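One structure is given below, encoded as structure tokens.
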Amino acid sequence: MVISETMYTDVVIVGSGMAGLYTAMSLDERLQCLIITKEGLDLSNSWLAQGGIAAAIAKDDHPEIHLEDTLVAGAGLCDADAVRALVDEGPEAIASLVSMQVPFDLREDGELQITREGGHTRDRIVHAGGDATGRETVKVLATLAVGRPNIHFFPHSFLVDILTNDGQACGVLVHDGSAFQAVLARAVVLCTGGIGQVYGHHTTNPSVSTGEGLAAALRAGAAVRDMEFIQFHPTALYTPHEANRAFLISEAVRGEGGVLKNAAGHRFMADQHPMAELAPRDIVARAIVREMQKDGKPCVFLDVTHHSYEFLATRFPTITGHCLRLGIDISRNMIPVCPVQHYLVGGLGTDLNAETTLPGLYACGEAASTGVHGANRLASNSMLECLVFGRRAARHIGGSTRLRPDRPSSLPVADGLYYHGPEPEEIRRRVAAIANRDAGVIRHTAGLVAGLGQIQSILGAMEHKNLPTKAHWEALGLATVAGEILQAALNRRESVGAHFRED
Ligand SMILES: Cc1cc2nc3c(=O)[nH]c(=O)nc-3n(C[C@H](O)[C@H](O)[C@H](O)COP(=O)(O)OP(=O)(O)OC[C@H]3O[C@@H](n4cnc5c(N)ncnc54)[C@H](O)[C@@H]3O)c2cc1C
């Protein structure tokens, strides 16, 4: 492996979603910061986020109630201190976005519109552009970050490995499409987002969500936790045609009174949970899978036809427009939906300052496991987590006296042998088949054991090899993450939150 150039900065952030951008904006402006990102700014989970951001800002709400709801969704496995930080600092985080001019939707009296989603007992979700909250927020953050003299961007650059020195992270190894570059820094912040592509197209996550950030951190010695907790969104649009991801029908549609019906037109959620369609996501997802299995159908239906087209087109312009392009007028037709992978609840374990178990390596956003979600994420708490813990990371880095190293003590090992094996596309296909079969909504011991064995043989052929292309590194990332999910799912014998074992 030949490194063509070594660069120096204070802070290197990997990822340009909400976590990466907000962390950068929260840094002391005297610190030089480089944001490395795989594609452009418009390809991330953040960009796609529809529903909104949760915070206790309504008059009848309080952080204590937000805390209670979050703990209930987390099924007893949340880190209470992390949740307290999230809910207490939530209103301030929203206020900071308002002050940055994020165009949140307003009521006629000029106050923020606040709505409710599954698992919340109060109206608590602010949104922008109707159902384009992530895109509208990222656009503002990106514009501000580009204007900051201390923030620099490295788009279309790919994190390959995390460099270490004396047991601490000291930079990253990046490939920009033509050559490897080392970037040395006082702190590395991993904001590489979700891992949905482990499940192939059965995910709401975009093509960049391949998990090699987590794989790189694991190789560098950081620890992941709670990887068995994969949140499946109950209502992705079902289409018989494959795309590289599934289109999300936001929970907010159920928040506005949408009801779920099976093939016979029966409203099944009302029989299953007091909160019916607004029950926690894992309960709704399992109920849908059981209806699909019972009826032998690939989907159930979401009925929102009690609303007018005008209301739906204003409240949910993205969803209404997308469905209409596929010939579904959601004010007249029921929407075919099925559960798909949506959110990685676990990730790189961090402390309250977002630092991982590898000193100098921070993780924020979906790549992190701060402990706020426990066994399951409460809707719209994830973008809030990006903001609250992004700022905490930035403050901690600002207060740190760690010096920038001159060089890494060792470069990542590739034993010199070139990888000879199935093409990356074939590996992706195999990993996705295993993940969907064995690490889906409902899991069994035999499947977990079999799936793990198959993943380990894929990894055996790839690990420590010289991988020729970005696609190979992504395939390795997918297989590594799939292995972590299967192993963690096998280790946790009881069903809890988003992890359900039928045996
Ligand atoms: C369809 C959809 C709807 C959602 N709706 C909501 C919602 O309403 N409310 C809510 O709170 N949450 C929602 N979520 C979840 C939320 O959007 C994410 O959890 C959150 O935005 C994650 O932000 P992030 O910055 O951690 O990661 P992302 O926004 O995914 O950003 C990851 C970044 O890392 C980069 N990257 C990845 N790997 C590499 C690499 N190897 N090298 C360089 N760069 C890399 C990517 O290019 C990208 O820029 C939704 C998610 C989806 C998919």
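The values are calculated or read from the model by the stated rules, or taken from the named source; none is laboratory data. All values derive from a computational prediction rather than experimental measurement. Heads up, the Cβs are rebuilt from the backbone with ideal geometry, glycines too, and the neighbour counts pull from every protein chain shown. Ligands, DNA and RNA are excluded from the accessible area calculation, which covers all protein heavy atoms including side chains. Shrake-Rupley method; radii C 1.70, N 1.55, O 1.52, S 1.80 Å.
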Quiz item: Just a yes or no: is a residue in the range 24-45 within 7 Å of the ligand (Cβ to nearest atom), out of contact with any strand residue (DSSP E or B) (no Cβ under 8 Å at 6 or more places or on another chain) and among the acidic types (Asp, Glu)?
Solution: yes
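Considering only residues that are closer than 23 Å to Gly129 by Cβ and in contact with a helix residue (DSSP H, G or I) (Cβ under 6 Å, 6 or more places away or on another chain), which ones fall in the range 1-22? Don't jump to the end; show me each part of the working.
Taking the range 1-22 as the starting set, the residues that turn out to be closer than 23 Å to Gly129 by Cβ are 15-22.
Hits for the range 1-22 are Gly17, Met18, Ala19, Leu21, Tyr22.
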Quiz prompt | Matching entry among Thr143, Thr164 (being in the same structural domain as Ala393 (by TED's automatic domain parsing), buried (at least 19 other Cβ atoms within 10 Å of the Cβ) and either free of Cβ contacts under 8 Å to residues at least 40 places away in the same chain or away from the ligand (no atom under 11 Å from the Cβ) (or both)) | solution = Thr164
Quiz item: Which ones in the range 167-188 are among the small types (Gly, Ala, Ser) and open to solvent by 10 Å² or more (accessible area, probe 1.4 Å)?
Solution: Gly167, Gly177, Ser178, Ala179
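Could you identify the single residue in Gly440, Gly477, Gly451 that is open to solvent by less than 10 Å² (accessible area, probe 1.4 Å) and in a loop (DSSP other than H, G, I, E, B)? Don't jump to the end; show me each part of the working.
Numbers: Gly477 fails: in a loop (DSSP other than H, G, I, E, B); Gly451 fails: in a loop (DSSP other than H, G, I, E, B).
None of the others qualify; the one that does is Gly440.
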Practice problem: Test each condition in (1) touching a His at 6+ places or on another chain (Cβ under 7 Å); (2) open to solvent by 20 Å² or more (accessible area, probe 1.4 Å); (3) within 22 Å of Ala379 (Cβ to Cβ) for Glu39 and report the one that comes out false. | Solution: (3)
Quiz prompt | Residues of the range 53-106 classified as assigned to a helix (DSSP H, G or I) and not small (Gly, Ala, Ser), total | solution = 22
Practice problem: Inspect all residues belonging to the range 391-402 and state whether any of them is among the charged types (D, E, K, R), at pLDDT below 95 and surrounded by fewer than 19 Cβ atoms within 10 Å (Cβ to Cβ). | Solution: yes
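Just to be sure, is Val198 within 12 Å of the ligand (Cβ to nearest atom) and crowded, with 22+ Cβ neighbours inside 10 Å? Don't jump to the end; show me each part of the working.
Numbers: within 12 Å of the ligand (Cβ to nearest atom): no; crowded, with 22+ Cβ neighbours inside 10 Å: yes.
Spelling it out, it is not the case that Val198 is within 12 Å of the ligand (Cβ to nearest atom) and crowded, with 22+ Cβ neighbours inside 10 Å.
Tell me, which helices (runs of 4 or more DSSP H) wholly within the range 187-303 include 3 or more residues that are closer than 25 Å to Gly451 by Cβ? Before you say what the answer is, go through the steps one by one.
Values: elements: 212-220, 251-255, 281-295.
Helices (runs of 4 or more DSSP H) meeting the threshold: 212-220, 281-295.
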Exercise. Check off (1) open to solvent by 10 Å² or more (accessible area, probe 1.4 Å); (2) closer than 23 Å to Leu34 by Cβ; (3) hydrophobic (A, V, I, L, M, F, W, C) for Phe232 and give me the number that stays unchecked.
Key: (2)
Practice problem: Pick out the one residue from Ser46, Ser16, Ser4 that is under 17 Å from Gly365 (Cα atoms) and open to solvent by 10 Å² or more (accessible area, probe 1.4 Å). | Solution: Ser46
Quiz prompt | Of all residues making up the range 208-221, the number that are more than 9 Å from the ligand (Cβ to nearest atom) and open to solvent by 10 Å² or more (accessible area, probe 1.4 Å) | solution = 4
Quiz item: So which residues in the range 307-327 are under 28 Å from the mean Cα position of the chain (by Cα), part of a loop (DSSP other than H, G, I, E, B) and within 16 Å of Asp131 (Cβ to Cβ), if there are any at all?
Solution: Phe316
Quiz prompt | Members of the range 375-405 found to be within 14 Å of the ligand (Cβ to nearest atom), assigned to a loop (DSSP other than H, G, I, E, B) and among the small types (Gly, Ala, Ser), listed by number | solution = Ala379, Ser380
